[in-house]
Amino acid sequence: MRGVERFASARRDRHGDGAPRRQEKRRPAARGSLKGKGAAYVAGHMQALLHSLGRMAQRPLSSAMTVAVIGIALALPTGLHVILQNLQGVSAGWENTAQMSLFLKQDVPQEAAERLRARLEGMTEIAEVVHISPQQALDEFRTTSGFGTALDSLQENPLPTVLVVQPRLEFNDPRLLQSLRERMQALPEVDMAQLDMEWIERLFAIMEIGRRGVLILGVLLSLAVLLIVGNTIRLAIQNRREEIEVQKLIGATDAFIRRPFLYNGFWHGLFGAMTAWLLVSISMALLNGPVSRLSLLYDSSRTLSGLGIAASLSLLLAGILLGLVGAWVAVGRNLREIEPG
Amino acid sequence: MIRFDNVGKRYAGAREALAGVSFHLEAGEMAFLTGHSGAGKSTLLKLIAMLERASYGQVFFNGQNITRIGKRRIPYLRREIGIIFQNYKLLNDRTVFDNVALPLVIAGFSYQEIRRRVRAALDKVGLLDKEKRYPVMLSGGEQQRVGVARAVVNKPPLLLADEPTGNLDPALSEEMMHLFEQFNQVGVTVLIASHDLDLISRMNHRVFTLGQGRMIADQRPVTVS
């Protein structure tokens with residue numbers, strides 16, 4: 001038979017020195033050139049990568065549903081993170097407007113108030129001080145409050161002289177502002193120094209809760225993604241039980257068998273993250289109109305900032321990592337159970 | 001090539017599948033393993049391929065004691081053994097070519113090398129024209145030949161076959177046995193578990209007979225001078 005001879009000669013070729021082959025110690029790793037091995041190794045990985053993608057494409061509906069679930073799970077914390085980021089941007093603008101009102105004692109004359117204003121403006125912590133006399137305050141109150149006639153009936157002006165202190169930006173830190181307030185309070189002319197900041201502190205406290213909440217939600221939903229990917233991979237392993245058995249029978253290492261499933265997790269994570277990115281971007285686009293209308297009402301032209309490049313890359317990376325870890329756990333648990341025999 | 005030294009195998013809660021079996025199959029030999037069902041033929045083959053571990057005694061492969069080798073080394077041991085199954089164990093969602101290529105893919109051969117070797121193996125079993133078919137499109141005999149091609153494509157020094165003719169008619173069975181003889185002639189050690197005594201008696205090879213887990217006969221082939 002011609003085939004046998006060719007087969008036999010192919011065998012003999014490998015033992016060209018004429019030594020009887022049965023005495024040769026066969027070392028699988030020694031076959032082929034090292035370069036060829038490396039190329040084959042890379043090709044093997046590429047093949048497993050594309051093969052696992054092909055397997056997903058064979059079941060488009062169930063793959064798409066799994067990816068969508070992962071996408072939504074990832075989109076929730078991502079979207080909340082973006083919203084918080086935007087709130088922080090808004091409040092950073094407000095933080096700069098933290099100011100202090102010094103209500104002077106009634107017996108302080110306007111000239112003394114003006115001297116104090118000049119002195120305070122000379123301080124390094126302070127950018128600007130505006131002097132509002134009781135008359136100015138009353139006029140302003142009259143025009144804005146609508147109590148004009150009621151105010152006219154007052155015998156004398158009850159309003160105190162006010163110095164509005166605008167601290168420099170670099171001193172815009174709650175603790176520094178607090179110590180500045182205490183020093184102002186200690187001034188003999190000052191009746192009361194009030195820092196218009198409590199509401200900002202409250203906002204920051206609320207945002208801290210929000211940030212913590214997003215973190216917790218992120219951890220929980222990441223766990224959910226791990227479970228989803230893990231379960232998907234577990235099912236894939238069960239479906240290919242027979243194939244895995246055959247592979248083990250003919251000498252496949254655990255790493256070889258694991259590979260396509262890990263890539264399967266990789267793809268699920270990547271596509272899930274891409275879906276999440278899309279969902280967040282679409283939501284931001286939908287919210288942008290109303291937000292800019294709202295900010296117009298506040299005399300500002302603020303628009304929502306979406307996911308930046310860094311955040312987008314982090315999202316993709318997180319998705320891939322969750323996919324790989326989920327697959328790794330599932331593979332470790334389930335491949336051990338499958339043994340031929 | 002294979003040496004058993006007082007090997008026994010007990011399954012949990014069952015009688016001994018193998019009891020005190022000793023034999024030595026030399027490299028380059030071809031031998032049959034017979035016995036009634038349940039005599040321990042499959043268990044013996046499983047111990048060689050490390051699908052099971054011996055309860056006691058020593059198993060040697062190629063001069064190496066494999067009785068207690070580590071789990072991580074088992075895949076590399078199995079690459080030295082071509083195994084043929086009664087139910088073929090082919091992957092039905094892959095072509096004949098891909099099925100035969102699997103051991104080479106696992107061992108990390110380059111694509112050119114894989115194609116060359118798969119073609120040679122398929123040519124050897126006479127299925128070169130069916131490489132693009134799927135296993136279900138082939139007859140039982142052809143599927144078994146695909147299994148043989150897959151077992152030999154990696155050029156292992158040892159071929160194990162577990163009832164390779166169990167699902168084949170007498171003519172195909174005889175053809176299959178001659179195929180094994182041809183591999184044996186180019187230096188491959190062959191061990192075939194079979195209860196087809198009629199066929200075995202017509203071929204002049206060493207015959208091990210198992211009975212209730214014990215080696216009850218070891219008939220050497222008749223040497224023609």
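Picking from A:Leu286, A:Leu278, which residue would you name as being under 22 Å from A:Leu53 (Cβ atoms), exposed (fewer than 14 other Cβ atoms within 10 Å of the Cβ) and under 23 Å from the mean Cα position of the chain (by Cα)? Break it down into steps so the answer makes sense when it comes.
Details: A:Leu286 fails: under 22 Å from A:Leu53 (Cβ atoms).
Going through A:Leu286, A:Leu278 in turn, the sole match is A:Leu278.
Is it true that some residue in region B:151-159 is among the aliphatic types (A, V, I, L, M), surrounded by fewer than 23 Cβ atoms within 10 Å (Cβ to Cβ), closer than 17 Å to B:Ala31 by Cβ and within 14 Å of another protein chain (Cβ to nearest Cβ)? Break it down into steps so the answer makes sense when it comes.
To start, the set of residues in region B:151-159 that are among the aliphatic types (A, V, I, L, M) comprises B:151-153, B:158-159.
Right, trim to surrounded by fewer than 23 Cβ atoms within 10 Å (Cβ to Cβ) and you get B:158-159.
Imposing the further condition that a residue be closer than 17 Å to B:Ala31 by Cβ reduces the set to B:158-159.
Then drop every residue that is not within 14 Å of another protein chain (Cβ to nearest Cβ), which leaves B:158-159.
Looking for residues that are among the aliphatic types (A, V, I, L, M), surrounded by fewer than 23 Cβ atoms within 10 Å (Cβ to Cβ), closer than 17 Å to B:Ala31 by Cβ and within 14 Å of another protein chain (Cβ to nearest Cβ), one finds at least one in region B:151-159, hence yes.
Here's a check for you: in region B:49-69, which residue that is farther than 21 Å from B:Ala19 by Cβ and free of Cβ contacts under 8 Å to residues at least 40 places away in the same chain is surrounded by the most Cβ atoms within 10 Å (Cβ to Cβ)?
Here the residue is B:Ile69.
Taking into account only those residues within region B:70-88 that are surrounded by 21 or more Cβ atoms within 10 Å (Cβ to Cβ) and either assigned to a loop (DSSP other than H, G, I, E, B) or of a type in the set (Val, Ile, Thr) (or both), which is nearest to the other protein chains (Cβ to nearest Cβ)?
If we filter region B:70-88 for residues that are surrounded by 21 or more Cβ atoms within 10 Å (Cβ to Cβ), which is where we start, we get B:75, B:78, B:81-84, B:88.
So of that shortlist, the ones also either assigned to a loop (DSSP other than H, G, I, E, B) or of a type in the set (Val, Ile, Thr) (or both) come out as B:81, B:83-84, B:88.
Numbers: B:Ile81: 8, B:Ile83: 6, B:Ile84: 11, B:Tyr88: 10 Å.
In this case the residue turns out to be B:Ile83.
Looking at (1) touching a Ser or Thr at 6+ places or on another chain (Cβ under 7 Å); (2) under 13 Å from B:Ala31 (Cα atoms); (3) buried (at least 18 other Cβ atoms within 10 Å of the Cβ), which one does B:Ala217 not meet, given that it meets all the others?
(3) is the only condition that B:Ala217 fails.
Restricting region A:240-256 to residues that are closer than 19 Å to B:Ile83 by Cα and hydrophobic (A, V, I, L, M, F, W, C), which is farthest from the other protein chains (Cβ to nearest Cβ)?
Here the answer is A:Ile244.
When residues of region B:31-65 are filtered for being more than 13 Å from chain A (Cβ to nearest Cβ) and either part of a strand (DSSP E or B) or more than 27 Å from B:Val100 (Cα to Cα) (or both), how many remain?
Counting residues in region B:31-65 that are more than 13 Å from chain A (Cβ to nearest Cβ) and either part of a strand (DSSP E or B) or more than 27 Å from B:Val100 (Cα to Cα) (or both) gives 18.
Which condition number does B:Val105 fail, the rest of (1) without any contact (Cβ under 8 Å) to a residue 24 or more places away in the chain; (2) surrounded by fewer than 19 Cβ atoms within 10 Å (Cβ to Cβ); (3) in a helix (DSSP H, G or I) being met?
(2)
Condition check: at pLDDT 80 or above, within 30 Å of A:Thr124 (Cβ to Cβ) and not in a helix (DSSP H, G or I). Does A:Leu159 satisfy that? Spell out how you get there, then give the answer.
On the way: at pLDDT 80 or above: yes; within 30 Å of A:Thr124 (Cβ to Cβ): no; not in a helix (DSSP H, G or I): yes.
So A:Leu159 fails the test.
When you go through B:Val118, B:Val136, B:Val105, B:Val96 one by one, which is the residue that is facing chain A (nearest Cβ under 8 Å) and either modelled with pLDDT under 95 or over 30 Å from B:Ser37 (Cα atoms) (or both)? Please lay out each step first, then the result.
Working: B:Val118 fails: facing chain A (nearest Cβ under 8 Å); B:Val136 fails: facing chain A (nearest Cβ under 8 Å); B:Val96 fails: facing chain A (nearest Cβ under 8 Å).
Going through B:Val118, B:Val136, B:Val105, B:Val96 in turn, just one is facing chain A (nearest Cβ under 8 Å) and either modelled with pLDDT under 95 or over 30 Å from B:Ser37 (Cα atoms) (or both): B:Val105.
Would you point out the residue of region A:109-156, among those that are in contact (Cβ under 8 Å) with a residue 24 or more places away in the chain, within 47 Å of the chain's Cα centre (by Cα) and assigned to a loop (DSSP other than H, G, I, E, B), that is surrounded by the most Cβ atoms within 10 Å (Cβ to Cβ)?
Filtering region A:109-156 for residues in contact (Cβ under 8 Å) with a residue 24 or more places away in the chain gives A:110, A:112-113, A:116-117, A:120, A:124-134, A:137.
Then keep just the ones that are within 47 Å of the chain's Cα centre (by Cα); that gives A:117, A:120, A:124-132, A:137.
Narrowing further to those that are assigned to a loop (DSSP other than H, G, I, E, B): A:124-125.
Working: A:Thr124: 8, A:Glu125: 15.
Looking at residues that are in contact (Cβ under 8 Å) with a residue 24 or more places away in the chain, within 47 Å of the chain's Cα centre (by Cα) and assigned to a loop (DSSP other than H, G, I, E, B), I get A:Glu125.
Please go through region A:136-191 and give me each residue that is acidic (Asp, Glu) and farther than 29 Å from A:Glu111 by Cβ, ordered by number.
So the first thing to find is which residues in region A:136-191 are acidic (Asp, Glu), and the list is A:139-140, A:152, A:156, A:170, A:173, A:182, A:189, A:191.
Of everything in region A:136-191, those that are acidic (Asp, Glu) and farther than 29 Å from A:Glu111 by Cβ turn out to be A:Glu170, A:Asp173.
Looking at (1) more than 14 Å from chain B (Cβ to nearest Cβ); (2) more than 16 Å from A:Asn86 (Cα to Cα); (3) in a loop (DSSP other than H, G, I, E, B), which is the only condition A:Ile338 fails?
Among (1) more than 14 Å from chain B (Cβ to nearest Cβ); (2) more than 16 Å from A:Asn86 (Cα to Cα); (3) in a loop (DSSP other than H, G, I, E, B), A:Ile338 violates only (1).
If you scan region B:63-91, which residues turn out to be over 27 Å from B:Gln144 (Cα atoms) and among the polar types (S, T, N, Q)?
Kept after step one, since they are over 27 Å from B:Gln144 (Cα atoms), are these residues of region B:63-91: B:63-73.
Those that are over 27 Å from B:Gln144 (Cα atoms) and among the polar types (S, T, N, Q): B:Gln64, B:Asn65, B:Thr67.
With respect to B:Gly187, is the statement that it is in a loop (DSSP other than H, G, I, E, B), modelled with pLDDT under 95 and surrounded by fewer than 20 Cβ atoms within 10 Å (Cβ to Cβ) true? It would help to see each step written out before you state the result.
Numbers: in a loop (DSSP other than H, G, I, E, B): yes; modelled with pLDDT under 95: yes; surrounded by fewer than 20 Cβ atoms within 10 Å (Cβ to Cβ): yes.
The answer is yes for B:Gly187.
Exactly one of these conditions fails for B:Gly166: (1) within 13 Å of another protein chain (Cβ to nearest Cβ); (2) touching a residue at least 60 places away in the same chain (Cβ under 8 Å); (3) out of contact with any strand residue (DSSP E or B) (no Cβ under 7 Å at 6 or more places or on another chain). Give me its number.
Failing condition for B:Gly166: (1).
Give A:Leu262, A:Leu220 a once-over and let me know the one that is away from chain B (no Cβ under 14 Å), surrounded by fewer than 19 Cβ atoms within 10 Å (Cβ to Cβ), in a helix (DSSP H, G or I) and modelled with pLDDT of 90 or more. Spell out the reasoning first.
On the way: A:Leu262 fails: surrounded by fewer than 19 Cβ atoms within 10 Å (Cβ to Cβ).
Only one candidate qualifies: A:Leu220.
Could you say which residue among A:Gly79, A:Gly3, A:Gly18 is in the same structural domain as A:Gly265 (by TED's automatic domain parsing) and either at pLDDT below 80 or out of contact with any Lys or Arg (no Cβ under 7 Å at 6 or more places or on another chain) (or both)? Walk me through how you get there before you give the answer.
Numbers: A:Gly3 fails: in the same structural domain as A:Gly265 (by TED's automatic domain parsing); A:Gly18 fails: in the same structural domain as A:Gly265 (by TED's automatic domain parsing).
Result of the check over A:Gly79, A:Gly3, A:Gly18: A:Gly79.
Being in contact (Cβ under 8 Å) with a residue 12 or more places away in the chain and more than 14 Å from chain A (Cβ to nearest Cβ) is the requirement here; does B:Glu181 meet it?
no
The values are calculated or read from the model by the stated rules, or taken from the named source; none is laboratory data. This structure is a prediction, so every number in the text was calculated from the model and none was measured. Neighbour counts are summed over all protein chains in view; Cβ atoms, including those assigned to glycine, are modelled from backbone coordinates with ideal geometry.
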